[in-house]
Amino acid sequence: MRILSLILLMFFSLGIKAQLTITEFKSFTCPEILAAGDIANSLEVGATKKVTLKCSPVGAGDAVEVASGRSKDKNYFQKEHNIVWVKFRAGKSGNLNFTLRPLSGDDDYDFLLFKAEGENTEELIKSKKLAPIRTNISRSNVQNLGLTGLSITAKETHNISGKNSAYSKYIVVKKGETYYLAIDNVYDGGKGVMIYFNYFLTKTIRGIIKNEKNEIVKNVVVSWEDGRTGETLVETKADAETGEFEMKVPIDEAKPKQKYVLSAYSEKHFFSEQSFTSTDVKDFNDEPINLVLNVLKKGNKNRLENINFHGDKAIFLKGAYPSLKRLFKLMKKNKTLTIVIEGHTNGCSGGVAKTQLLSVNRAKALKNYLIENGINAQRMQVKGFNCKFMLYPNPANEEESSLNRRVEILVTDL
């Protein structure tokens with residue numbers, strides 16, 4: 001009997017462990033979604049990275065559970081339009097955010113997030129005795145394609161209806177915890193939605209900012225950005241007297257090669273950028289990161305390693321946009337600054353003539369971006385250098401190839 005009990009205990013433990021294993025993907029059909037309009041029939045997601053709801057929910061289910069009838073209510077929908085419930089578990093301990101990505105940018109999805117508190121959670125939610133820990137009922141931004149969720153950078157935990165942030169603050173979770181997510185599509189006849197769950201760690205980094213003469217630079221803004229999407233994740237100011245900064249930065253430990261950009265910006269200096277991977281950040285010790293800002297001066301050349309392009313194209317990668325904005329801001333603040341934009345390619349496999357044209361077009365792409373944002377075209381010249389000055393003549397990977405597909409800035413007057 002004792003042996004049987006041990007065997008049963010072992011299988012029970014394995015079952016619990018299996019429930020907490022993070023799966024890559026789950027998908028739900030239209031009938032499943034339509035049947036999940038009430039909390040008791042929630043879609044069971046478990047611990048999953050990506051969930052697809054193939055259809056928009058329709059109607060409010062059999063009962064109205066999380067609507068108050070009041071506008072500007074931070075905890076509840078004013079009305080349940082087209083609602084579906086999703087029940088998920090935290091697959092690991094740490095910080096969690098998620099993104100709701102509508103299959104149609106015309107849809108407007110709102111959400112309420114509840115943390116389970118024992119066996120009576122569903123009744124507590126329905127009776128409104130258990131308030132949501134996060135909500136976002138703000139109006140959809142068409143330019144944002146209807147994206148909403150929890151974000152690393154969001155400050156507010158609850159966003160009421162109206163023109164407010166599309167994202168609410170991330171949550172700190174423990175492995176195995178259960179959560180209920182009520183999702184409501186404001187519009188009828190909509191399409192489905194993707195849900196992306198992401199766990200991240202934070203690491204404290206510190207550094208010091210000086211110019212090329214080893215002098216302290218004042219009024220420096222330091223940013224930590226997602227190198228893939230260009231999103232600013234954290235921002236701070238360096239100390240005006242010492243040039244030192246300290247910030248707690250997020251990293252995705254599940255993606256060791258995920259790229260992040262640490263940048264420093266000052267109005268009278270050319271901005272500085274350094275790239276790091278998740279692995280780099282995890283291995284940081286207490287040594288400060290040194291960032292050097294070059295004084296704006298005639299003859300200085302600055303390499304923009306984060307303004308890169310798609311292969312064989314003069315189209316910016318998404319991660320280039322923070323650097324583009326910094327350059328625009330610098331040109332706008334320094335109205336007499338004139339520059340030469342120099343374009344480069346990753347090899348000359350298509351022939352020198354073809355890659356020469358490509359390098360010129362890459363320089364023109366940057367010039368056109370600045371013109372479109374109000375910078376006088378007379379302040380900029382363009383040159384192409386095809387593959388003459390590759391940073392990596394024999395690139396070993398896509399990262400090195402990407403760094404070859406770049407532009408550089410030569411200051412010609414100030």
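None of the figures in this text is laboratory data; all of them are computed from the coordinates on show. Note that the structure is predicted; figures quoted are calculated from it, not measured. We place every Cβ from the backbone using ideal geometry, glycine too, and count neighbours over all the protein chains shown.
Please go through the stretch 282-353 and write out the chymotrypsin sites (Phe, Trp or Tyr not before Pro) that DSSP classes as loop and that have at most 16 other C-beta atoms within 10 Å.
Within the stretch 282-353, the qualifying chymotrypsin sites (Phe, Trp or Tyr not before Pro) (loop, at most 16 other Cβ atoms within 10 Å) are Phe284.
Once the Cβ-Cβ distance between Glu244 and Lys325 is put in as r, and R0 is 25 Å, what FRET efficiency do you end up with, to the nearest 0.05?
Calculated transfer efficiency: 0.50.
Where a Cα-Cα gap under 15 Å defines reach, which aspartates and glutamates qualify for Lys92, not counting those fewer than 8 residues away within the same chain?
Output for Lys92: Glu24, Glu177, Asp252, Glu253.
For Lys313, which aspartates and glutamates qualify as cross-link partners when the Cα separation must be under 14 Å and same-chain residues fewer than eight apart are set aside?
Straight-line reach from Lys313, under 14 Å: no aspartates and glutamates qualify.
Which helices count as membrane-span-like in the chain under these terms: full DSSP H, at least 24 Å along the axis by C-alpha, Kyte-Doolittle mean of 1.0 or more?
2-19
Kirkwood Rh over alpha-carbon pairs of the chain, then Stokes-Einstein at 4 °C and 1.567 mPa s: what D in µm² s⁻¹, rounded to an integer?
Roughly 53 µm²/s, to the nearest whole number.
Work out, step by step, the length gained on full extension between Lys332 and Leu124: first 0.36 nm times the residue separation, then minus their alpha carbon distance; give nm to one decimal.
Between Lys332 and Leu124, full extension yields an extra 69.4 nm.
Just want the answer: with Cβ charges of +1 for Lys and Arg and -1 for Asp and Glu, which residue in Val86, Ser165, Tyr109 is farthest toward the dipole's positive end in the chain?
Ser165
Taking the Cα atoms of the stretch 146-235, report the difference between the largest and smallest coordinate on each principal axis, in whole Å and largest first.
For the stretch 146-235, the Cα extents along the three principal axes come out at 62, 34, 25 Å.
Just report the Cα centroid separation between the stretch 190-247 and the stretch 354-414, whole Å.
One Cα centre to the other: 25 Å.
What are the trypsin sites (Lys or Arg not before Pro) within the stretch 215-274 that DSSP puts in a loop, where the Cβ has at most 12 other Cβ atoms within 10 Å?
Lys257
If you put +1 on each Lys and Arg Cβ and -1 on each Asp and Glu Cβ, how big is the dipole of the stretch 18-134 around its Cα centre, in Debye rounded to 20? Show your work: numbers first, answer last.
On the way: 17 positive and 16 negative charges, 101 e Å.
The calculation lands at about 480 debye.
Projected onto the charge dipole of the stretch 297-414 (+1 at Lys/Arg Cβ, -1 at Asp/Glu Cβ, origin at the Cα centre), which of Met380, Ala314, Ile409 gives the Cα projection farthest towards the positive end?
Result: Met380, furthest along the dipole toward the positive end.
Starting from the Cα-Cα distance between Glu398 and Arg228, subtract it from 0.36 nm times their residue separation and give me the gain in nm to one decimal.
Value of the extension gain: 59.9 nm.
Using just the C-alpha positions of the stretch 20-189 as equal point scatterers, what log10 of I(q)/I(0) does the Debye formula give at each q in 0.08, 0.09 1/Å?
Results for the stretch 20-189 at q = 0.08, 0.09 Å⁻¹ read -0.21, -0.26.
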